[in-house]
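> Dropping the structure in here first, questions after.
Laboratory data are not the source of any read-out in this text; all were calculated from the coordinates shown. All values reported here derive from a predicted model rather than from experimental measurement. Cβ coordinates were reconstructed from backbone atoms using ideal geometry, including for glycine residues, and neighbour counts include every protein chain displayed.
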Amino acid sequence: MVATLEQVFREEWGRVLATLVGFLGDFDLAEEAAQEAFAIAADRWPRDGVPNNPRAWLMRTARNRATDRIRRDRALATKLGLLAADAREEVLMNPTIFPDERLELIFTCCHPALTVEAQVALTLRILGGLTTDEIARAFLVPEPTMAQRLVRAKRKIRAAGIPFRVPPAHLFRERLDAVLAVVYLIFNEGYGGRDELAAEAIWLGRALAELIPDDPEVRGLLAMMLLHDSRRDSRFRGGELVLLDDQNRSRWNTTQIAAGRAELDRAIALGGRGSYVLQGAIASLHAETPCDWAQIASLYGELARLTSSPVVELNRAIAVAEIDGPEAGLRIIDGLGLEDFRYLHSTRAELLRRLGRSDQARDAYRRARELTDDGAERRFLERRLTELSATMDSG
Amino acid sequence: MKYIMVIYQGDAQERQAALSEEEQKQVYADYQGINEMPGVTSVPPLGQPENATTVRVEGGKALTTDGPFVGMKEAVGGLFILEADDLDAAIEVAARVPAARYGGAVEIRPSEVNW
């Protein structure tokens, strides 16, 4: 099968850019050169055919563009002198061997000296090849704001001396966790229905698993994303949120569930029991019929001990309510705080509704609605409120 | 890369004053250790911010006010210059500055010509 141009671009953008950044030591220059090379390819390939080694072609063209630019720009002439001495150039001169420096690039983009917003934007732009406009739309910010964010981040990388490298052993874990957090955040942004971001996060997760094959957390995150995403088509019906119990299971993506479980198995075989592995395992259990709520509650308990997160406790409360009844769930929820967290109120409301405590349920649904901007979730809450008042009137 | 390391005391001076003699010795030893690190150029110690005089010029006339430009807690407490490979190396040095672990902070500013 011949890969489409778009597929080739998608796969090669991050790699080409990573090698160029490594070679040029300059994000802007690398990005411009890559953009030019991809534009030339988009123009020529449909006419002349895709070259045998598209990556080598793109790399060579981009490098030549960058070199031309440097030569033209007299202010950068000294820089060229420095580059010539770089051993990397020899590698680049060889048209078939290009070092894969995507990992260096990911760690640079997710460096903790950048704000998380900047890390996310850079990762999507530099690794994922999304345009500034696409990223801006996905995060619901004006395009100039996003452009400014990217410019600032790239400027800081250069000015502050953020290294382009895979962190040494003593920093590796915490820096990898930062990278995983960025991917997770992108996925979560996409989970509310912005599919392109979820797909992007999964793509990044796959690339990470390829680059760091032996880390259980990397596998766990990928497993979790694949498993959650497998239910994407059944999570909304007519623009409204559908809860797990009411989802049409025939619309779950079974291939993706299998892929997610395979990643989870690998994570566990690697000895993983970190937070992403646990979340992957929970997502896997959720995809079973019937759900093993006892097992889910126990894994949430383990996750809560690991993260001390009240949000995790809230999730545990849902599982506990399934086993020991709504009161048991409510007892956990009442000690959590999280007053401004909409899911606390929607969960409370749901459990109160099941207990027939309609007045309290209605207040909780209303509070959840106050805290919810999202259209599909709001419509779901409205419907619950309507149903409640119907039963209250008839009762 | 050349970095200017800016130390803010925040609550560090008060908290360090409350430390045991042993711990205070450690604080001095840590500062001494940083001064002796390769790549570090020390700057004469800054006196207390309450003895600072801040000057503004308006209409060609120098106007002075008592104290630092910012609040007492936000005032710069000390400086040193660090020559390091990259930001990660600078972060490691910054993390060894005692003020940073006693409620103060270290700001890493790359040295750069802005004009």
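> For residues that are within 14 Å of chain A (Cβ to nearest Cβ) and within 21 Å of B:Asp11 (Cα to Cα), scanning just the stretch B:71-95, find the one that is nearest to the chain's Cα centre (by Cα).
Step by step, filter the stretch B:71-95, then rank; the result is B:Ala94.
> How many residues does the stretch B:102-115 hold that are more than 11 Å from chain A (Cβ to nearest Cβ) and touching a residue at least 12 places away in the same chain (Cβ under 8 Å)?
The total comes to 6.
> Mind telling me which of the residues A:Ala207, A:Ala198 ends up being in contact (Cβ under 8 Å) with a residue 40 or more places away in the chain and either within 14 Å of chain B (Cβ to nearest Cβ) or within 17 Å of the chain's Cα centre (by Cα) (or both)?
Every option except A:Ala207 fails the conditions.
> On to the next question. For the stretch B:38-60, does any single residue satisfy the condition of being closer than 27 Å to A:Leu171 by Cα, assigned to a strand (DSSP E or B) and within 14 Å of chain A (Cβ to nearest Cβ)?
Checking the stretch B:38-60: not a single residue is closer than 27 Å to A:Leu171 by Cα, assigned to a strand (DSSP E or B) and within 14 Å of chain A (Cβ to nearest Cβ).
> Next question. Restricting to the stretch B:1-27, name every residue that is more than 14 Å from every other protein chain (Cβ to nearest Cβ) and either part of a strand (DSSP E or B) or touching a His at 6+ places or on another chain (Cβ under 7 Å) (or both).
B:Ile7, B:Tyr8
> Just give me the residues in the stretch B:73-99 being under 15 Å from B:Ile7 (Cβ atoms) and free of Cβ contacts under 8 Å to residues at least 40 places away in the same chain, in sequence order.
Within the stretch B:73-99, B:Ile91, B:Ala95 meet the criteria.
> Let me ask something else. Being among the charged types (D, E, K, R) and surrounded by fewer than 18 Cβ atoms within 10 Å (Cβ to Cβ) narrows it down to one of A:Arg152, A:Arg125, so name that one.
A:Arg152
> State the number of residues belonging to the stretch A:172-190 that are in contact with a helix residue (DSSP H, G or I) (Cβ under 7 Å, 6 or more places away or on another chain) and within 14 Å of chain B (Cβ to nearest Cβ).
Counting residues in the stretch A:172-190 that are in contact with a helix residue (DSSP H, G or I) (Cβ under 7 Å, 6 or more places away or on another chain) and within 14 Å of chain B (Cβ to nearest Cβ) gives 1.
> Ok, one more. Does A:Ala169 satisfy the criteria of being closer than 26 Å to A:Asp233 by Cα, without any contact (Cβ under 8 Å) to a residue 24 or more places away in the chain and more than 14 Å from the chain's Cα centre (by Cα)?
no
> Name the residues in the stretch B:28-37 that are in contact (Cβ under 8 Å) with a residue 12 or more places away in the chain and either part of a strand (DSSP E or B) or closer than 12 Å to B:Pro98 by Cβ (or both), would you?
B:Asp30, B:Tyr31, B:Gly33, B:Ile34
> All but one of (1) over 30 Å from the mean Cα position of the chain (by Cα); (2) surrounded by fewer than 16 Cβ atoms within 10 Å (Cβ to Cβ) hold for A:Glu370; state the number of the condition that does not hold.
Condition (1) is where A:Glu370 drops out.
> Same structure, new question: What is the one condition in (1) in contact with a Lys or Arg (Cβ under 8 Å, 6 or more places away or on another chain); (2) polar (S, T, N, Q); (3) within 22 Å of B:Leu19 (Cβ to Cβ) that B:Thr65 does not satisfy?
Answer for B:Thr65: the failing condition is (3).
> Pick from A:Ile157, A:Ile106: which is within 14 Å of another protein chain (Cβ to nearest Cβ) and among the aliphatic types (A, V, I, L, M)?
Matching residue, one of A:Ile157, A:Ile106: A:Ile157.
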